[in-house]
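Down below is the structure, laid out as structure tokens.
The values are calculated or read from the model by the stated rules, or taken from the named source; none is laboratory data. These numbers were taken from a predicted model, which means no experiment stands behind them. Because the Cβ atoms are built from the backbone with ideal geometry, glycine has one as well, and the counts that use them run over all protein chains shown. Remember, those area values only see protein heavy atoms, side chains included, never the ligands or the DNA or RNA. Shrake-Rupley method; radii C 1.70, N 1.55, O 1.52, S 1.80 Å.
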Amino acid sequence: MALAGRWKMLAVLCASLLLVAMDATILNVALPSLIDDLRPSGVQQLWIIDIYGLVLGGLLVTTAAVGDRFGRRKLFLIGFVLFGVASVPAATAGWS
């Protein structure tokens with residue numbers, strides 16, 4: 001693989017990691033508001049924070065098998081676009 005191609009792939013991987021890290025940060029910043037509105041117990045607060053990583057870990061195992069079957073690059077790009085498209089309405093959603 002050419003050196004330029006490796007740098008491009010590194011940029012794409014860094015951008016995807018940035019999206020995941022931003023979503024986790026947003027969840028932690030929003031937690032005080034969620035606590036005020038929902039009044040969850042301590043265990044429920046842990047679930048609010050931990051479920052993101054739990055679901056992400058489960059999806060990594062599943063999508064690895066799908067990527068082996070249909071192509072990792074194609075699946076990665078589809079997932080990257082879907083994640084970005086889903087993050088925009090979530091980030092711009094207002095409180096009613």
Scan the stretch 38-56 for residues that are farther than 15 Å from Asp23 by Cα and modelled with pLDDT under 90 and report the count. 0
Can you spot a residue in the stretch 1-20 that is open to solvent by less than 80 Å² (accessible area, probe 1.4 Å), out of contact with any Phe, Trp or Tyr (no Cβ under 7 Å at 6 or more places or on another chain) and polar (S, T, N, Q)? no
Any chance the stretch 82-96 includes a residue that's open to solvent by 100 Å² or more (accessible area, probe 1.4 Å) and among the small types (Gly, Ala, Ser)? yes
Just the residues that are surrounded by 10 or more Cβ atoms within 10 Å (Cβ to Cβ) and more than 14 Å from the chain's Cα centre (by Cα), please, taken from the stretch 21-36. Ala30, Leu31, Ser33, Leu34, Ile35
So Leu31 fits all but one of (1) over 19 Å from Ala90 (Cβ atoms); (2) aliphatic (A, V, I, L, M); (3) at pLDDT 90 or above; what number is the exception? (1)
